[in-house]
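The values are calculated or read from the model by the stated rules, or taken from the named source; none is laboratory data. What you see is a predicted model, and the numbers here were worked out from it, not measured in a lab. Because the Cβ atoms are built from the backbone with ideal geometry, glycine has one as well, and the counts that use them run over all protein chains shown. Accessible surface areas use protein heavy atoms only, side chains included; no ligands, DNA or RNA. Shrake-Rupley method; radii C 1.70, N 1.55, O 1.52, S 1.80 Å.
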Amino acid sequence: PCGLPAGYGACCGRFHDGRATASTAELLMRSRYAAFAVGDEAYLLRTWHPRTRPTRVDVADGPEWTGLEIVEAVGGTAFHTEGQVAFRAYCTADGKRGTLEERSRFVRHEGEWVYLDAVT
């Protein structure tokens with residue numbers, strides 16, 4: 001679902017089931033998008049910074065996520081402690097197509113990348 005050529009199990013599935021962790025903010029962004037697409041609320045909460053994490057994420061009644069486009073990634077590599085990823089996520093809800101555009105901020109927390117918040 002994240003747009004990379006590898007299949008789900010070799011790509012985002014390995015992050016979702018805990019076999020690996022995302023090495024960059026962009027990979028975390030892609031894996032979080034995939035978690036929304038497959039309905040993995042536990043992964044979304046686990047990869048959300050504790051300071052900004054909600055108590056739950058209702059993915060069951062959300063839109064059907066149909067595509068992801070990374071617009072820009074700034075920082076967020078193995079050599080950084082912060083990063084931003086701008087993206088467009090495409091969806092269908094109630095028979096209508098939609099687009100979510102966001103610039104997300106990511107930080108390292110306890111050695112791993114986590115989602116902090118959206119830049120407005």
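What the table shows:
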| read-out | value |
| --- | --- |
| Equivalent ellipsoid semi-axes, segment 7-46, via Cα gyration tensor eigenvalues times 5, rooted, Å | 13, 11, 10 |
| Antiparallel DSSP beta bridges within the chain, as percent of all bridges there, nearest 5 | 95 percent |
| Acute angle (nearest 10 degrees) that the helix 25-38 long axis makes with the longest principal axis of the chain, alpha-carbon atoms | 30 degrees |
| For the chain, convex hull of alpha carbons as volume per residue, Å³ | 108 Å³ |
| Nearest-20 debye value, the chain charge dipole, Cβ charges on Lys, Arg, Asp, Glu | 160 debye |
| Nitroxide proxy distance, nm - points 7 Å out along Cα→Cβ at Glu72 and Arg88 | 1.5 nm |
| Inter-centroid distance (Cα atoms) of segment 57-120 relative to segment 21-39, Å | 8 Å |
| Trp48 long-range amide H proximity, modeled H, under 5 Å | Tyr115 |
| Amide hydrogen neighbours beyond the local backbone of Thr66, cut-off 5 Å, H modeled | Tyr90, Cys91, Thr92 |
| DSSP-assigned coil residues among trypsin sites (Lys or Arg not before Pro) in segment 40-103, each with at most 13 further Cβ atoms within 10 Å | Arg51, Arg56 |
| Whole-number percent relative contact order across the chain, with pairs defined as alpha carbons under 8 Å at least 6 apart | 24 percent |
| Listed residues Gly39, Gly13, Gly3: farthest to the positive end of the dipole of the chain (Cβ charges) | Gly13 |
| For the chain, accessible area per residue (1.4 Å probe, heavy atoms of protein chains only), Å² | 57 Å² |
| Where chymotrypsin sites (Phe, Trp or Tyr not before Pro) fall in DSSP loop in segment 44-106, at most 11 other Cβ within 10 Å | Phe79 |
| Amide H partners (placed H, <5 Å) of His109, local residues excluded | Val114 |
